[in-house]
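Note sheet for the following structure.
Taken together, the values in this text are just the output of simple stated rules run on the coordinates, not laboratory data. No experiment lies behind these values; they were computed from the predicted model shown. Quick reminder, even Gly has a Cβ in these numbers, built from the backbone with ideal geometry, and neighbours come from all protein chains shown.
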């Protein structure tokens, strides 16, 4: 709602060996500060809150000990230190929807057991960040099927932990969120927070959902006929499917929005962070957007592999690194940026082909995310690369909107999550004359990948 909201920035701690960590208490405190500001806004307008719902980043991972205190920091999905353990991970993609990769819990658990045995041994409960937040607010962790489904431990069709994966990791179910309690709302804040936030007490707080699932729902991409393309810090192309079972396509992920809906698609480890890195590092011109809009695809003569943080779909390799080929004395900073943004669009072209081959071509592709909303020129590149029209979702917080719609469905306020249409804006039409150019650029990218990483 307009006039309500709070935002506080944070930065993960990075290490030269690929570590990406976040202090769980600092992140929880920032979240609590935002909730405190929201409560002040609610009380100032006498608004009555019926329920609380939200979303958060998928694949977060930490542990707590007997005393409820964290035994290690949050290991972010982009933490690649566990890449060395990926060969030891059981390949359960057909059941868990998670290709063996450092993003997921199995590789991180194996890495911790080997490299941090003291912290591993002291851990009594493995959980995601939103579970830890609920533990602080209510004195008990609450988890959603959505968050657990992105761990690499969850059997998507069985809607239960995967016994084969647990056995391979020698992981006790009692150290994980109880299946029977998933998706159950918490009600009744601990005394400290009940006193702070009377308007938020004694109402249902639904366990937080995965941000990608909520982005698809919030942008109106429900059903196999609609794909959601999102570019924030990272990127993804997804579809939400309500069906009893699914055959998980090779190269794609499969998680859940909730017990009755699958989320299938391709996730890119690099998105808006590429644009941010270029702006931070290069001496770019001030009229950047105008130059991007008028630039001819491929005119820079460069081939870029945009693997600043490794890559997920379709390669699922944490060891990949970014590369730029074709530099000359005539290359300008703008050319590098232009080529880098096109290279990310080409990654979506690859993922789209896999998805459309498995799910059939959609009738509509909805685009969201701050990185795209801030650059119409980059959105046009995406439409050109996919050779499909791209309609912009103008909802400022599509993920938060998706979480709100899900809560409205749970409370019976709406019949189903797609009942309220999302706000949309311009539709970017692909320019047919550039389709062969993007095909050539993709072939060049594939060739450079083979030379560098398949030898």
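Observations
- Computed Rg/Rh of the stretch 41-154, alpha carbon atoms with Kirkwood Rh: 1.07
- Within the stretch 168-252, the proportion of C-alpha pairs whose separation exceeds 19 Å stands at 64%.
- DSSP beta bridges confined to the stretch 210-455 are antiparallel in about 75 percent of cases.
- Across the alpha-carbon set of the stretch 210-455, the Rg to Rh ratio works out to 0.98, Rh being the Kirkwood radius.
- Tensor-based shape of the stretch 398-455 (alpha-carbon gyration tensor, a/c under 1.5 rounded, otherwise prolate or oblate): oblate
- Quarter of Cα convex hull surface for the stretch 357-425, i.e. mean projection, nm²: 5.7 nm²
- Stokes-Einstein D in µm²/s, Kirkwood radius over Cα pairs - the stretch 13-207 at 20 °C with 1.002 mPa s viscosity: 122 µm²/s
- Relative protection proxy for 320-330, 181-191, from highest mean packing down: 181-191, 320-330 (other beta-carbon atoms within 10 angstrom).
- When DSSP beta bridges are restricted to pairs lying wholly in the chain, around 75% turn out antiparallel.
- Mean sequence separation of contacting Cα pairs (under 8 Å, at least six apart), scaled by the length of the stretch 13-207, corresponds to a relative contact order of 24 percent.
- Helix 24-45 and the long axis of the chain differ in direction by around 80°, with both axes built from C-alpha atoms.
- Ratio of Rg to Rh for the chain: 0.96 [Cα atoms; Kirkwood radius as inverse mean 1/r over pairs].
- Degrees between helix 333-359 axis and first principal axis of the chain (Cα, 0 to 90, nearest 10): 70 degrees
- Legend: ranking of residues 22, 274 from fewest to most surrounding C-beta atoms inside 10 Å; resulting order 22, 274.
- Helical mean residue ellipticity (222 nm; -39500 (n - 2.57) per DSSP H run of 4+; nearest 500) of the chain: -11500 deg cm²/dmol
- Rounded, prolate or oblate (a/c below 1.5 giving rounded, otherwise prolate when a/b exceeds b/c) for the stretch 301-388 by Cα gyration tensor: oblate
- Angle in degrees between helix 376-386 and the longest Cα principal axis of the chain, rounded to the nearest 10: 80 degrees
- Sequence ranges 65-76, 411-422, 352-363, ranked by mean other-Cβ count within 10 angstrom, highest first: 65-76, 352-363, 411-422
- Ranked packing of 90-100, 141-151, most packed first, by mean Cβ within 10 Å: 141-151, 90-100
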